[in-house]
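Structure record follows, encoded as structure tokens.
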Amino acid sequence: MTGFPVVTTNPATNVTASSARLNGTLDPHGLSTTVYFEYGTTTSYGSRTPNQIKTGNNYQNFFAGISGLTAGTTYQFRIVATNSVGTRYGSDKTFTTQ
């Protein structure tokens, strides 16, 4: 069965003063799916991680490291996945750099 990708934004880990690891889960629903994270200091985001392509019909962990962050700042992020059926956005999460 194919369909929209299913995504979940998970909490960020390995947060330092200037970097973090963004985490999510993805089910591509049997279609080649482009996935990335949007991030920034507002829900307008403004930055994104490089595209990765995922396939399969099962839940997969997905993560990306980001750097160049400002210390003591709260960032918003969410996972985004697109396949031939459409695009799905994960819920917005936040983390604060040290």
Across the stretch 74-92, what is the number of residues that are loosely packed, with under 13 Cβ neighbours inside 10 Å, more than 10 Å from the chain's Cα centre (by Cα) and closer than 17 Å to Thr43 by Cβ?
1
Quick one: in the stretch 29-41, of everything that is more than 11 Å from Gln52 (Cβ to Cβ) and within 14 Å of the chain's Cα centre (by Cα), which residue is surrounded by the fewest Cβ atoms within 10 Å (Cβ to Cβ)?
Gly40
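Bear in mind that the values in this text are calculations on the coordinates, not laboratory data. Quick caveat: nothing in here was measured; it's all calculated off a predicted structure. Please note: Cβ atoms are built from the backbone with ideal geometry, for glycine as well, and neighbour counts cover all protein chains shown.
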